[in-house]
Number of protein chains: 2
Amino acid sequence: MSKAKTKSQFKDFLLTQGLKSTRQRELILDEFLHAGSHLSTEDLYLRLRRGNSRIGYATVHRTLKLFAECGIAEQRHFGDGQTRYEASDCDEHHDHLICVVCGKIVEFEDPRIEELQVEVAGAHGFSIERHRLELYGCCPGCSI
Amino acid sequence: MSKAKTKSQFKDFLLTQGLKSTRQRELILDEFLHAGSHLSTEDLYLRLRRGNSRIGYATVHRTLKLFAECGIAEQRHFGDGQTRYEASDCDEHHDHLICVVCGKIVEFEDPRIEELQVEVAGAHGFSIERHRLELYGCCPGCSI
DNA sequence: GTTTAAATTGAAATTCATTTTCAACTAGGT
DNA sequence: ACCTAGTTGAAAATGAATTTCAATTTAAAC
């Protein structure tokens, strides 16, 4: 999804929820879309500070939660005790490979795995809403 | 794995690490094996208190970490901000189906999915050490 | 443009789980 | 029994997430 489209999606969300569009929210969304994925609140807060925006930590935190609420970002937990956010590609889902040595994160997707998940869930009478699959191991660079 | 075997595995671990076997550690292991799976530190602490063991929270916490270290328990994170522990069945791995309505947790395993995971990881040059797969959805009881 | 009501901001305080500290205590070898 | 190193548990510290609240800003109404 284009950045422009994501921005208008966020504006729409604010409107329909009776929320206001502010300078801070625009700055945070710009930086979020511009920065790489898997950012923690801390990460984004520091990036914004390094620019010269005097934005408070609480505002960054609240805004990231808004992003998640309106569907333009997704929360991730990789077990280091920090919540990370990544821009969602809407229709495209992906899972993660995480290097336990250097922390590198690689995204992947495999329709065959997704299919088996639906099957397994069905066998237990569950209907799947979402899932999380993370493979932890050693990346090529670290296994030399 | 039998409870007796798990207990001796823990004793061996303590010995080889130069750690001591104490009344508290035995009580905590007993309660851990006796109680259901997916316990948080808080859960286990309260169960022990309800018995009449005056065991400190810090001790429960440290002991659960020991269990994880020596392989008789595994840490789980289901996104509610609490670390949970479950007894590990050693050779047998399983994943989780979690009902988003009632919170019910069902365990499952599917060798075909595991196989595909290894394949996908290999395609990215990764060697897998462990993984996490959680399917969130609606259980049969809640989807009526 | 001014007023007004409601939402937002940000620094500081709070919450909550986890982890550490440290003085008193215990296990287990000598 | 003695000694040493590990253990315990209450309390304090940590760290991320969240809330509070007075000052400020937004945007709709006048």
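The values are calculated or read from the model by the stated rules, or taken from the named source; none is laboratory data. Keep in mind that what you see is a predicted model, and the values were worked out from it rather than measured. Please note: Cβ atoms are built from the backbone with ideal geometry, for glycine as well, and neighbour counts cover all protein chains shown.
Looking only at residues in the stretch A:25-50 that are surrounded by fewer than 17 Cβ atoms within 10 Å (Cβ to Cβ) and within 11 Å of DNA strand C (Cβ to nearest atom), the one that is nearest to A:Ala87 (Cα to Cα) is A:Glu26.
Evaluate the stretch A:70-91: report whether one residue or more is surrounded by fewer than 16 Cβ atoms within 10 Å (Cβ to Cβ), touching a helix residue (DSSP H, G or I) at 6+ places or on another chain (Cβ under 8 Å) and within 27 Å of A:Gly18 (Cβ to Cβ). Yes, some residue in the stretch A:70-91 is surrounded by fewer than 16 Cβ atoms within 10 Å (Cβ to Cβ), touching a helix residue (DSSP H, G or I) at 6+ places or on another chain (Cβ under 8 Å) and within 27 Å of A:Gly18 (Cβ to Cβ). Would you please name the residue that is nearest to A:Val100 (Cα to Cα), looking only at residues in the stretch B:119-131 that are among the small types (Gly, Ala, Ser) and within 7 Å of another protein chain (Cβ to nearest Cβ)? Residue satisfying both the conditions and the ranking: B:Ser127. Of the residues screened, B:Leu116 is one that is within 13 Å of chain A (Cβ to nearest Cβ) and either without any contact (Cβ under 8 Å) to a residue 12 or more places away in the chain or loosely packed, with under 15 Cβ neighbours inside 10 Å (or both). Look at A:Leu46 and say whether it is within 30 Å of A:Asp95 (Cβ to Cβ), at pLDDT below 95, more than 14 Å from every other protein chain (Cβ to nearest Cβ) and away from DNA strand D (no atom under 11 Å from the Cβ). Answer is yes for this residue. Whenever a residue of the stretch B:132-144 is within 7 Å of another protein chain (Cβ to nearest Cβ), its partners that are outside any loop (DSSP other than H, G, I, E, B) and of a type in the set (S, T, N, Q), lying with C-beta atoms within less than 9 angstrom and at least six residues away or across chains, give the pairs B:Leu133/A:Gln117; B:Leu133/B:Gln117; B:Leu135/A:Gln117; B:Gly137/A:Ser127; B:Cys138/A:Ser127; B:Cys139/A:Ser127; B:Ser143/A:Ser127. Being modelled with pLDDT under 90, within 30 Å of B:Tyr136 (Cα to Cα) and hydroxyl-bearing (Ser, Thr, Tyr) holds for only one residue in B:Ser37, B:Ser2, B:Ser53, and it is B:Ser37. Residues in the stretch A:20-38 that are outside any helix (DSSP H, G or I) and over 16 Å from A:Ala58 (Cβ atoms): A:Lys20, A:Ser21, A:Ala35, A:Gly36, A:Ser37, A:His38. Looking across the stretch B:51-95 at every residue that is away from DNA strand C (no atom under 13 Å from the Cβ) and within 14 Å of chain A (Cβ to nearest Cβ), the one that is nearest to B:Glu31 (Cα to Cα) is identified as B:Glu74.
Residue-level check: of (1) among the hydrophobic types (A, V, I, L, M, F, W, C); (2) away from DNA strand C (no atom under 16 Å from the Cβ); (3) more than 10 Å from chain B (Cβ to nearest Cβ), A:Val106 misses just (3). Being within 28 Å of A:Leu135 (Cα to Cα), in contact with a Leu (Cβ under 7 Å, 6 or more places away or on another chain) and of a type outside the set (A, V, I, L, M) is the requirement here; does B:Arg84 meet it? When the stated conditions are applied, B:Arg84 passes them.
Report yes if B:Arg47 is without any contact (Cβ under 8 Å) to a residue 24 or more places away in the chain, among the charged types (D, E, K, R) and in contact with an Asp or Glu (Cβ under 9 Å, 6 or more places away or on another chain), otherwise no. For B:Arg47, the condition - without any contact (Cβ under 8 Å) to a residue 24 or more places away in the chain, among the charged types (D, E, K, R) and in contact with an Asp or Glu (Cβ under 9 Å, 6 or more places away or on another chain) - is met. Is it the case, given these coordinates, that A:Ala58 is surrounded by 15 or more Cβ atoms within 10 Å (Cβ to Cβ), at pLDDT 90 or above, farther than 19 Å from A:Lys104 by Cβ and hydrophobic (A, V, I, L, M, F, W, C)? No, not satisfied.
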